[in-house]
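The values are calculated or read from the model by the stated rules, or taken from the named source; none is laboratory data. As the structure is a prediction and not an experimental result, all values here were calculated from the model. All Cβ positions, even for glycine, are placed from backbone atoms using ideal geometry, and neighbour counts span all protein chains on display.
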Amino acid sequence: MTSTPPTNIQMVDLRTQYEAMQEEVDQAVLEVIRGGAFINGPAVKDFQSGLENYLGCKHVIPCANGTDALQIALMALGLKPGDEVIVPAFTYVASAEVIALLGLSPVMVDVDPFTFNVTAELIEPAITPRTRAIIPVHLFGQSCDMEPIRRLAERHDLRIVEDNAQAIGAAYTFSDGRVGRTGTLGDIGCTSFYPSKNLGAYGDGGAINTDDDALAARLRTVANHGQNRRYYHDVVGCNSRLDSVQAAILNCKLPRLDDYNASRQSAARYYDQQLAGIEGLLPPARLPSSTHVYHQYTLRVTDGRRDALQQYLQEAGIPSMIYYPVPLYDQGAFRGTAANKIDFLPVTDTLCKEVISLPMHSELDEATQQYICDRVRSFFGSK
Ligand SMILES: *Cc1c(COP(=O)(O)O)cnc(C)c1O
């Protein structure tokens, strides 16, 4: 059975999502403009406390974007040049870029071939006397298995900075039954409100969170030019603020985040059902201890035909993306640099050749998904 192709299939549909709350968003944006509190206005304070409530953490420090969040986190930890920070090689560049930018050494490690995330087993052999921190990335919307990573960090006195840019809203269950949101499972959580993220602004935005009072104070200081009192600068910091207009938009979207994630989960279930059991195609694995909020729905094409599938889908009007096509150690920024000693990791290498992400957002309808799945199945010659 071939369904009629829906028109204009998108990887992410921000317009339909906006139309469902247009009046509320328009009103909130107008309020900021009319109120004139453009920098750190009430909308930013409201968002800060809203996100503290949502995450169940003591301190949220809003900032300009997710990359800044990671940079500020590492600055607040007071790491010294040459200190090593462990980071997966299969992630967005920002996770490792900030390490090198601060004169620290990114130590790249491989990931699990099914969850795409780092594990304690993969991190442990990379620990040296110079290791100071780990950046686990909750890739594509699923938590890393954090309990063993926390145990490892405790044993070696390492700080954990979670890259939660793709997983806001996901929950991790510890073996004693305690449940925590991703971002609150280490020392510092970092997230991004880039428009296409699960909680996306209409421009750039980011946030850092922690339960540690002293760390929160340092994070705030670093993000604000190193000052605690205006024009008195105690440390070298940076200027990173969440824009008031973006905060107002995020205040409209935060109460809807769980619904957005539920829509993504139901779309993922549909893909799972329709794309199961196809030779050469591996749907994304679920970690029993974590919920998955599907920032991306990412499959592996294990028969070497990934690029052919992408081409075939494109001809059928179906967009897809390769997250990520190049291992971080193979990027010009890192390859052969003094800071980076890693030049090959087998799983990362394989994943970069095999992964493909299908359209995934909160507004996907079943007709569109059925069409996409029909086309994928027909590519593999499966009915
Ligand atoms: C988006 C993203 C970031 C960076 O966020 P920006 O807001 O774009 O700076 C960092 N890490 C990961 C894994 C991301 O997906």
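Of the residues in region 181-190, at least one is closer than 18 Å to HIS59 by Cα, within 11 Å of the ligand (Cβ to nearest atom) and not acidic (Asp, Glu). A single entry from VAL355, VAL347 fulfils the requirement of being over 30 Å from ARG15 (Cβ atoms) and crowded, with 17+ Cβ neighbours inside 10 Å: VAL347. Considering each residue of region 45-64, count those that are assigned to a helix (DSSP H, G or I) and within 17 Å of GLN246 (Cβ to Cβ), and give that number. Result for region 45-64: 8. For region 70-82, how many residues are of a type in the set (A, V, I, L, M, F, W, C) and either within 12 Å of the ligand (Cβ to nearest atom) or in contact with a strand residue (DSSP E or B) (Cβ under 6 Å, 6 or more places away or on another chain) (or both)? Of the residues in region 70-82, 5 are of a type in the set (A, V, I, L, M, F, W, C) and either within 12 Å of the ligand (Cβ to nearest atom) or in contact with a strand residue (DSSP E or B) (Cβ under 6 Å, 6 or more places away or on another chain) (or both).
Within the option set VAL85, VAL93, being within 15 Å of the ligand (Cβ to nearest atom) and out of contact with any strand residue (DSSP E or B) (no Cβ under 8 Å at 6 or more places or on another chain) holds for one residue only, VAL93. Residue count for region 262-318 under the criterion of being within 16 Å of the ligand (Cβ to nearest atom) and surrounded by fewer than 18 Cβ atoms within 10 Å (Cβ to Cβ): the result is 0.
All conditions but one from (1) within 12 Å of the ligand (Cβ to nearest atom); (2) in a helix (DSSP H, G or I); (3) not hydrophobic (A, V, I, L, M, F, W, C) apply to GLN27; the one that does not is (1).
Condition check ((1) touching a helix residue (DSSP H, G or I) at 6+ places or on another chain (Cβ under 6 Å); (2) within 21 Å of LYS253 (Cα to Cα)) across all residues:
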residue: GLN22; (1), (2): no, yes
residue: ALA28; (1), (2): yes, yes
residue: ILE33; (1), (2): no, yes
residue: ASN53; (1), (2): no, yes
residue: PRO62; (1), (2): yes, yes
residue: LEU70; (1), (2): yes, no
residue: GLY78; (1), (2): no, no
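When the helices (runs of 4 or more DSSP H) confined to region 268-380 are screened for residues that are under 30 Å from GLU84 (Cα atoms), those reaching at least 3 such residues are found at 346-354.
Scanning region 179-199 for residues that are crowded, with 23+ Cβ neighbours inside 10 Å and out of contact with any strand residue (DSSP E or B) (no Cβ under 8 Å at 6 or more places or on another chain) gives a single hit, ASN198. Before we move on, is VAL161 assigned to a strand (DSSP E or B), within 14 Å of the ligand (Cβ to nearest atom) and outside the structural domain of PHE344 (by TED's automatic domain parsing)? Considered against the rule, which asks whether it is assigned to a strand (DSSP E or B), within 14 Å of the ligand (Cβ to nearest atom) and outside the structural domain of PHE344 (by TED's automatic domain parsing), VAL161 comes out as yes.
Residues of region 325-383 that are aromatic (Phe, Trp, Tyr) and more than 17 Å from ILE99 (Cβ to Cβ): PHE344, TYR371, PHE379, PHE380.
For every residue, the table says whether it meets (1) touching a strand residue (DSSP E or B) at 6+ places or on another chain (Cβ under 7 Å); (2) part of a helix (DSSP H, G or I); (3) over 28 Å from GLY200 (Cα atoms).
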position	(1), (2), (3)
CYS144	no, no, no
GLU147	no, yes, yes
ILE168	yes, no, no
GLY177	no, no, yes
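If you go through region 155-163 one residue at a time, do you hit one that is buried (at least 19 other Cβ atoms within 10 Å of the Cβ), modelled with pLDDT of 95 or more and among the acidic types (Asp, Glu)? Checked region 155-163: at least one residue is buried (at least 19 other Cβ atoms within 10 Å of the Cβ), modelled with pLDDT of 95 or more and among the acidic types (Asp, Glu). Filtering GLN22, GLN71, GLN48 for residues that are surrounded by fewer than 22 Cβ atoms within 10 Å (Cβ to Cβ) and either aliphatic (A, V, I, L, M) or under 30 Å from GLY180 (Cβ atoms) (or both) leaves a single hit, GLN48.
Table: residues versus (1) modelled with pLDDT of 95 or more; (2) within 16 Å of the ligand (Cβ to nearest atom); (3) surrounded by fewer than 20 Cβ atoms within 10 Å (Cβ to Cβ); (4) not hydroxyl-bearing (Ser, Thr, Tyr).
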| position | (1), (2), (3), (4) |
| --- | --- |
| LEU102 | yes, yes, yes, yes |
| MET108 | yes, yes, no, yes |
| THR128 | yes, no, yes, no |
| ASP145 | yes, no, no, yes |
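Of the residues contained in region 47-56, none is found to be in contact with a strand residue (DSSP E or B) (Cβ under 8 Å, 6 or more places away or on another chain), within 13 Å of the ligand (Cβ to nearest atom) and not charged (D, E, K, R).
What is the residue count in region 236-276 for residues that are within 29 Å of GLY226 (Cβ to Cβ) and basic (Lys, Arg)? Total satisfying the criteria: 1.
Sub-7 Å Cβ pairs linking a first residue in region 257-269 that is within 14 Å of GLN166 (Cα to Cα) and not assigned by TED's automatic domain parsing to the domain that holds GLU366 to a second residue that is buried (at least 19 other Cβ atoms within 10 Å of the Cβ) and aromatic (Phe, Trp, Tyr), at least 6 apart or interchain, number zero.
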